[in-house]
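The values are calculated or read from the model by the stated rules, or taken from the named source; none is laboratory data. Note that the coordinates shown come from a computational prediction; the quantities given were computed from them, not determined experimentally. Cβ sites come from the backbone with ideal geometry, for glycine too, and all protein chains shown count toward neighbours.
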Amino acid sequence: MAPNSQTSINEGKCAIPITTNDLEHQQTLDQNEFDYSKRSQWLRAAVLGANDGLISTASLMMGVGAVKEDIKVMILTGFAGLVAGACSMAIGEFVSVYSQLDIEVAQMKRDNQNKQKTLAHVAEDGDSEGDNEKESLPNPLQAAAASALAFSVGAMVPLLAASFIREYKVRLGVVAAAVSLALVVFGWLGAKLGKAPIMRSMMRVLVGGWMAMAITFGLTKLIGSSGL
């Protein structure tokens, strides 16, 4: 009896710390995964929407500014780009997320049909699992609103930068400088929230924005000077 009792006690002593550590480790992993899953739902729409609004609106304004020095024309072009882009982002995001929602709902129905083997299983687990799955489903309206808002925030940067400067060349320089600063900030923010390399992300966003503005400015200037 003594050896068996001692063996049981030793096994119990060894099992307790291992089980506790495993549970704590698993809880930590679950929390980290939960944070990333919640974060990824809005990070893409917010950061990419702001970048799109910033780059597309600034490129439009720089393109028009290549052939028109009037500040009113430049501001109206930027405002039209803001409204059109925000509506396009919202509608595109709504349609895309709604399609994803339909696919996930259909998959949930198939999974629930496979799980419903007995009435007891449905009564004990069906409701709670169904509620958790519904909470994790994407929200098309929320995604559309987030995209439109993020696009508008980004588009406001070149609009505000150009609104109070009458001098043509100074206005173009201020818009380019403000957009460059905003690109660096958005690149840093996206990298920080997404746990990505910060410098690489900032340079990628900055160089991409410069290329978009330069190409739009150059092609518009070329077409405008040719008299088409």
Testing Ser99 on (1) surrounded by 13 or more Cβ atoms within 10 Å (Cβ to Cβ); (2) at pLDDT 55 or above, one condition comes back false. Which one is that? (1)
Go through region 147-176 and report how many residues are of a type in the set (A, V, I, L, M, F, W, C) and not in a helix (DSSP H, G or I). 2
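Within the bounds of region 177-184, is there any residue that is over 19 Å from Phe79 (Cβ atoms), in a helix (DSSP H, G or I), hydrophobic (A, V, I, L, M, F, W, C) and at pLDDT below 90?
Narrowing region 177-184 to residues over 19 Å from Phe79 (Cβ atoms): 177, 180-181, 183-184.
This time we only want the ones that are in a helix (DSSP H, G or I), so: 177, 180-181, 183-184.
Now drop any that are not hydrophobic (A, V, I, L, M, F, W, C), which leaves 177, 181, 183-184.
Among the residues that remain, those that are also at pLDDT below 90 are: none.
No, that holds for no residue.
Select from region 68-82 the residues that are surrounded by fewer than 14 Cβ atoms within 10 Å (Cβ to Cβ) and aliphatic (A, V, I, L, M) and list them in ascending order.
As a first pass, look at region 68-82 and keep what is surrounded by fewer than 14 Cβ atoms within 10 Å (Cβ to Cβ): 70, 72, 76, 80.
Of everything in region 68-82, those that are surrounded by fewer than 14 Cβ atoms within 10 Å (Cβ to Cβ) and aliphatic (A, V, I, L, M) turn out to be Leu76, Ala80.
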All positions within region 185-204 that are charged (D, E, K, R) and either closer than 24 Å to Ile215 by Cβ or outside any helix (DSSP H, G or I) (or both): Lys195, Arg200, Arg204
Just one of the numbered conditions (1) modelled with pLDDT under 85; (2) under 25 Å from the mean Cα position of the chain (by Cα); (3) surrounded by fewer than 12 Cβ atoms within 10 Å (Cβ to Cβ) is not true of Leu119; which one? (2)
